[in-house]
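Below you'll find the structure, written out as structure tokens, and then a few comments.
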Amino acid sequence: MRVNWKSWSLNKDHLVKLAIGILLVGFACKLLVFRSKGFGADLDFPEVEKEYVQKPDLKPPVPVQIPENDDQMPLGDWVPNPSGPTYTNESCPLIEGHQNCMRNGRPDSGYLHWKWKPRDCQLPRFNAERFLELMRNKAWALIGDSISRNHVQSLLCMLATVFGVPGLNFPFYHKNCVLVQLDEEEFIVERPVEVYHDEQYKSKRWHFASYNFTVSNIWSPFLVKAAVFEDNDGVSTAEVQLHLDKLDKTWTDLYPSLDYMIISTGKWFLKAAIYHENDTEVGCHICPGKNLTELGFVYAYNKTLHYVMDFIANSKHKGLIFFRTSTPDHFENGEWHNGGSCPKTTPAKEGEVEIKDLSRILRNVELEEFEKAAAKAADNGVNLKLLDFTNLLLMRPDGHPGPYRQFQPFAENQTAVVQNDCLHWCLPGPMDFWNDVIMEMV
């Protein structure tokens with residue numbers, strides 16, 4: 001709730017109101033802790049390191065002219081958004097370092113000033129207060145790989161609730177609340193409290209105490225049982241051991257307790273892997289010298305999604321389940337580990353960027369398996385919906401961290417050769433508009 005306060009002079013009434021305002025803030029924050037029922041109430045969030053905050057340039061970008069294309073179904077356009085994002089890395093401390101492009105020193109800010117506008121329909125902007133009210137006493141989970149983790153951070157940043165408080169000086173911090181200053185007014189923001197993480201900090205869960213609402217990120221990049229031997233930069237020491245006929249219990253054990261889910265996978269199936277079925281090695285993808293049949297990633301992806309979709313369609317789950325297609329990357333002149341980059345700073349015009357063959361193959365498998373499962377799910381009363389954001393993101397080659405995956409990569413050497421990330425998405429950034437679509441569907 002936002003309250004406008006008239007200016008008032010520093011007098012006796014001023015001091016009384018100031019004291020009351022401070023007491024109200026303390027009471028509100030204590031209430032949040034009380035209502036959390038001890039569910040992570042002792043956890044603190046670190047203060048934002050202001051010396052690392054780069055504020056966005058508020059100048060609107062030059063519009064990109066997007067031509068009509070009668071050969072393809074018009075889905076929407078990226079149009080100028082002079083007001084910019086609803087949050088920054090200053091107002092949301094939950095952005096992971098690799099996606100924190102503002103903190104990491106990305107010099108241009110035009111990528112922050114575009115919004116997705118569907119054609120032939122109206123799409124309201126994400127309303128955090130309305131969404132949280134709808135989600136009271138509910139549980140969400142985003143299940144998949146690092147793109148799902150990227151999305152969770154976007155959703156959490158947009159779900160901060162705000163209400164005006166008079167007479168307090170910026171900054172003000174509390175365990176569950178933080179006072180931030182926006183447009184010369186001050187607000188209290190309820191931060192989601194992290195209440196769980198696994199050993200590797202891959203899976204996490206957050207709690208909004210005022211709404212008894214939880215959001216989980218469940219790490220399951222293959223959705224089936226897998227043994228993975230790689231570091232955080234994706235460097236592998238051995239092939240993935242992938243059991244195509246055994247769903248990953250990391251998500252299936254929690255599945256019955258969830259009210260809403262977004263399930264996805266994709267790019268991990270391009271990795272070198274040994275395939276198992278019925279506890280027997282049946283083949284592989286990229287395994288020279290192993291004396292195994294090269295089955296290819298399409299075989300594994302088809303099998304996996306068949307088992308995943310069959311499990312969902314027959315589950316009789318009464319919540320809402322989204323299956324999201326995998327996202328395109330925009331590497332140019334190479335890939336992740338061999339010098340690929342993404343230097344664009346504006347959205348692409350429609351038809352200017354073509355989806356890569358590997359991404360198209362993955363998406364075709366996803367759409368085929370979803371279509372097979374959709375009718376069965378409907379017959380069983382399972383609410384299964386498709387989220388296909390491929391074209392929405394295909395037109396945003398400017399939205400990736402690129403070299404700003406690292407903190408200030410060119411601080412010491414302007415010509416340094418650094419690894420580029422043209423797969424994940426800057427936050428704030430294009431991914432935020434997924435939440436507009438999801439809220440409208442919910």
Checklist entry - Considering LYS318, LYS303, which residue is assigned to a helix (DSSP H, G or I) and basic (Lys, Arg)? => result LYS303
Item to check | Single match in VAL442, VAL382 (criterion: surrounded by fewer than 23 Cβ atoms within 10 Å (Cβ to Cβ), at pLDDT below 95 and among the β-branched types (Val, Ile, Thr)) | outcome: VAL442
Item to check | Matching option when the condition is of a type in the set (Asp, Glu), at pLDDT 95 or above and either surrounded by 16 or more Cβ atoms within 10 Å (Cβ to Cβ) or over 18 Å from the mean Cα position of the chain (by Cα) (or both), among GLU350, GLU412, GLU366 | outcome: GLU366
Checklist entry - In this structure, does VAL308 turn out to be surrounded by 15 or more Cβ atoms within 10 Å (Cβ to Cβ), touching a Leu at 6+ places or on another chain (Cβ under 6 Å), modelled with pLDDT of 95 or more and under 14 Å from LYS246 (Cβ atoms)? => result yes
Checklist entry - closer than 30 Å to MET309 by Cβ and either in contact with a Leu (Cβ under 8 Å, 6 or more places away or on another chain) or modelled with pLDDT of 90 or more (or both), is that true of TRP140? => result yes
Checklist entry - Can you find a residue in segment 394-407 that is among the aliphatic types (A, V, I, L, M), surrounded by 16 or more Cβ atoms within 10 Å (Cβ to Cβ) and part of a helix (DSSP H, G or I)? => result yes
Next on the checklist: Just checking, does segment 332-341 include any residue being acidic (Asp, Glu), closer than 23 Å to ASN420 by Cα and assigned to a strand (DSSP E or B)?
Outcome noted: yes
Next on the checklist: Testing PRO221 on (1) in contact (Cβ under 8 Å) with a residue 60 or more places away in the chain; (2) assigned to a strand (DSSP E or B); (3) closer than 30 Å to GLY289 by Cβ, one condition comes back false. Which one is that?
Outcome noted: (2)
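This table checks each residue for (1) in contact (Cβ under 8 Å) with a residue 40 or more places away in the chain; (2) of a type in the set (Asp, Glu).
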{"site": "SER216", "(1), (2)": "yes, no"}
{"site": "ASP231", "(1), (2)": "no, yes"}
{"site": "SER236", "(1), (2)": "no, no"}
{"site": "ASP248", "(1), (2)": "no, yes"}
{"site": "TYR255", "(1), (2)": "yes, no"}
{"site": "THR265", "(1), (2)": "yes, no"}
{"site": "TRP268", "(1), (2)": "yes, no"}
Checklist entry - Assuming ILE355 fulfils every condition listed in (1) out of contact with any Lys or Arg (no Cβ under 8 Å at 6 or more places or on another chain); (2) open to solvent by 10 Å² or more (accessible area, probe 1.4 Å) apart from one, which condition is it? => result (1)
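The values are calculated or read from the model by the stated rules, or taken from the named source; none is laboratory data. As the structure is a prediction and not an experimental result, all values here were calculated from the model. Cβ coordinates were reconstructed from backbone atoms using ideal geometry, including for glycine residues, and neighbour counts include every protein chain displayed. Side chains included, ligands, DNA and RNA excluded: accessible areas come from the protein's heavy atoms. Shrake-Rupley method; radii C 1.70, N 1.55, O 1.52, S 1.80 Å.
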